[in-house]
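See below for the structure under consideration.
Laboratory data are not the source of any read-out in this text; all were calculated from the coordinates shown. Everything numeric here is computed off the predicted structure, so don't read it as measured data. Glycine also receives a Cβ, built like all others from the backbone with ideal geometry; neighbour counts cover every protein chain displayed.
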Amino acid sequence: MIPLKDDNPINSKPIVSYGIIGFCILIFLSQLSLSENELRDFTYSYGLIPSVLMGIDQLPNDINKISPIGTIFTSMFMHGGWMHLIGNMLYLWIFADNIEDDLGTLNFVIFYFASGVGAAMSQVLVDINSQIPMIGASGAIGGVLGAYLINYPKTKVLVLIPFGFFSQLIKIKALYVLGFWFILQFINSFLSSSSGGGVAYAAHIGGFISGIILILFFNKKNTKKHYKPKNKKIKKGPWEE
């Protein structure tokens, strides 16, 4: 089930969402310009390494570029490949604009990075001794998905359901699209190995739950009613979030 667009107009241009997408693309293009050794060092320097964050290990001086806490944020803009980037940016493009529209620019920035922190710490706590760098925006985007589920559960989302040569486009409520995504993270987390890198499913789950908790807090501060949808007129390597 691949979401393509939602039926949910916005009242203001989502400059933060667009900025995050643009910056992630820019960082990824810079990663492509690096040699294999340079990319490895870059990933270890700016990716989030649980054992380093928890003070168990320390990076060599030549790749120890920023504080371990800083890597929580730098890792959110890095990606491990084209599909990793495209998948994350697609979800961010579809769902983040309405949440930014609800919260406003500053509150959305706080919300997005707080969701990312919740996601990162969820993965770290799964294995604090892990020496594998974690990269990707999926955890923070998971927070956006959790918020969207709360604020717009009945909004229709156009999705592509692949059946080989018989793929089909249908509209489904966000409640089912995002609920399916969340359940899939749990299933995959049990099926995947916890060593050698891969997908950081704990970060996806932690980000989603963080987003739900945070949006309930932010909703209390806003006078808008969020529980109704808006009507529209017409491989081995770093953990990838």
In whole percents, the bins of 5 Å from zero upward hold the Cα-Cα pairs of the chain as 1, 7, 14, 18, 19, 16, 12, 8, 4, 2, 0, 0
Footprinting proxy, PHE95, PHE180, PHE42, PHE190: sorted fewest to most Cβ within 10 Å, the residues are PHE190, PHE180, PHE42, PHE95
Bounding extents of segment 94-134 in its principal axis frame from Cα atoms, largest first in Å, are 39, 19, 13
Calc'd 3J(HN,Hα), segment 16-30, phi into Karplus 6.51 cos²θ - 1.76 cosθ + 1.60 (θ = phi - 60°), Hz, glycine/Pro = x, comes to 5, 4, 5, x, 5, 4, x, 5, 4, 5, 4, 5, 5, 5, 5
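Quick one: grab the alpha carbon gyration tensor of segment 113-178, order the square roots of its eigenvalues as a ≥ b ≥ c, and give me rounded if a/c is under 1.5, else prolate or oblate depending on whether a/b is larger than b/c. Show your work: numbers first, answer last.
Details: a/c = 3.84, a/b = 1.75, b/c = 2.20.
Taking the square roots of the gyration eigenvalues as a ≥ b ≥ c, segment 113-178 is oblate.
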Projecting the Cα atoms of GLY22, PHE95, TYR112 onto the charge dipole of segment 2-240, where Lys and Arg contribute +1 and Asp and Glu -1 at Cβ, the residue farthest towards the positive end is PHE95
To the nearest 20 debye, the chain has a Cα-centred charge dipole, built from +1 on Lys and Arg Cβ and -1 on Asp and Glu Cβ, of 1300
